[in-house]
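To keep things clear, I will list the structure first and then write my remarks on it.
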Amino acid sequence: MDPAAEHRQQLRSLRDFLLVYNRMTELCFRHCVCSLNYRLLTGREESCLDSCAARLVRANHRLMGAYVGLVPALLQRRAAEHAAAAEPAPGPAEPAEGAPAAGT
């Protein structure tokens, strides 16, 4: 892979990570923080945020594990489909023995 393509892939990976992180932060904040009247979080809010983030991280790990398990099979199926599409199509079927040829 050329350096420019590798750099673009790294930027895409970083962007995807930041999107997940921001979504998780927003979801947990909305779920756990009830009041913005105080400068610091309450103990209950901190505990809620910790457990919310931990649940989402565990769920993300399970999803990624399933994805990693499925990718080889998907790639293998795509390669087989691509190979089948690349094979030349069979010619017209030849008539069976004793059957009249087409057009006669």
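Here are the numbers for the structure shown:
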{"item": "Segment 1-52, accessible surface, carbon-and-sulfur percent (1.4 angstrom probe)", "result": "58 percent"}
{"item": "Difference of contour (0.36 nm per residue) and Cα-Cα distance, Val71 to Ser51", "result": "4.2 nm"}
{"item": "³J(HN,Hα) computed for each position of segment 37-44 - Karplus, 6.51 cos²θ - 1.76 cosθ + 1.60, integer Hz, glycine/proline x", "result": "6, 10, 5, 10, 6, 6, x, 5"}
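The values are calculated or read from the model by the stated rules, or taken from the named source; none is laboratory data. Small disclaimer: the values here were computed from a predicted structure and weren't measured. Each accessible area value is taken on the protein alone, full model and side chains, heavy atoms only, with ligands, DNA and RNA left out. Shrake-Rupley method; radii C 1.70, N 1.55, O 1.52, S 1.80 Å.
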